[in-house]
Amino acid sequence: MGQKVNPVGFRTGVMVGWKSRWYASKEEFSTLLVEDKKIRDFVKNHPKKSREYRAAGIDRIEVERTRDEVKVVLFVARPGLIIGKKGQEVELLQDELQNLIGRRVNLKIEELSRPELYAQLVAEKVAEQLQKRAAFRRTMKRAIEESMDAGAKGIKIQLAGRLGGAEMARREKQIAGSIPLSTLRAKIDYGFVEAMTPQGHIGIQVWINKGMYDGDQEDGADAEKGQAPKSPKRSYKR
């Protein structure tokens, strides 16, 4: 087993903010944590088939709590599918969430301009293609090309399962550009989805490098220049 770490969790609290922002006492903490999970599961896997929001391309759901209300922010690639005509769908979803958790909910939709740069959305797109019986290598290659054309510094896609309907499960990956997973300043996005194929589930992992976080670049360069030499310089006398 390799020592693999989720790149988002690795950077949370250091370079990236939390997806749930609230404070609670020990007695309330577990209840509110379950509430957050219920909200995310309800939106991503809506019980009514006619109103599945998965097609809208939800990258992440952030929850912020105040004393009066719960603010839920959806980061979506195609917001029109959630908003609906004249915003009716949003109001309906907001009411459903309020009934689900029994608190006042303030629902907001944020549009993502470049879905090719979000690992979760890329993974979901690959899963969709695999479920339609597309060739897995061609699907991976196309997804990598689209992300690199959109401006990604690097991308890695890894599939695991009965690829191509093979009898034995295996793992295949494709990489383009650079993926510095151990560099905290690197903006690494990570996504995971399972594709439900007739032969079995195929796990899809996607890592996307979007560049570096700003602010520390100059300090790093100066610190490197200011380092003392490891061995003292010899002075030669003539």
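The values are calculated or read from the model by the stated rules, or taken from the named source; none is laboratory data. All values derive from a computational prediction rather than experimental measurement. Heads up, the Cβs are rebuilt from the backbone with ideal geometry, glycines too, and the neighbour counts pull from every protein chain shown.
General observations
- First in segment 119-142 and surrounded by fewer than 18 Cβ atoms within 10 Å (Cβ to Cβ), second anywhere and among the charged types (D, E, K, R), Cβ under 6 Å, 6 or more apart: none
Residue-by-condition table, conditions (1) in a strand (DSSP E or B); (2) surrounded by fewer than 15 Cβ atoms within 10 Å (Cβ to Cβ); (3) in contact (Cβ under 8 Å) with a residue 12 or more places away in the chain; (4) among the β-branched types (V, I, T):
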| residue | (1), (2), (3), (4) |
| --- | --- |
| A152 | no, no, yes, no |
| L159 | yes, no, yes, no |
| E167 | no, yes, no, no |
| K173 | yes, yes, yes, no |
| I188 | yes, no, yes, yes |
| V193 | yes, no, yes, yes |
| M196 | yes, yes, yes, no |
| I202 | yes, no, yes, yes |
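- Residue that is nearest to K71 (Cα to Cα), among those in segment 7-44 that are in a loop (DSSP other than H, G, I, E, B) and under 17 Å from the mean Cα position of the chain (by Cα): K19
- Answer residue from segment 196-216, given it is more than 20 Å from the chain's Cα centre (by Cα) and of a type in the set (G, A, S) and is modelled with the lowest pLDDT among those: G215
Here is a yes/no grid of residues against (1) touching a Gly at 6+ places or on another chain (Cβ under 7 Å); (2) within 22 Å of L74 (Cα to Cα):
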position: S113; (1), (2): no, yes
position: E116; (1), (2): no, yes
position: R133; (1), (2): no, no
position: I179; (1), (2): yes, no
position: A186; (1), (2): no, no
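- Condition check for I61: surrounded by 18 or more Cβ atoms within 10 Å (Cβ to Cβ), at pLDDT below 90, on the phi < 0 side of the Ramachandran plot and among the hydrophobic types (A, V, I, L, M, F, W, C): no
- Single match in I39, I61 (criterion: outside the structural domain of I204 (by TED's automatic domain parsing), under 18 Å from V193 (Cβ atoms) and not acidic (D, E)): I61
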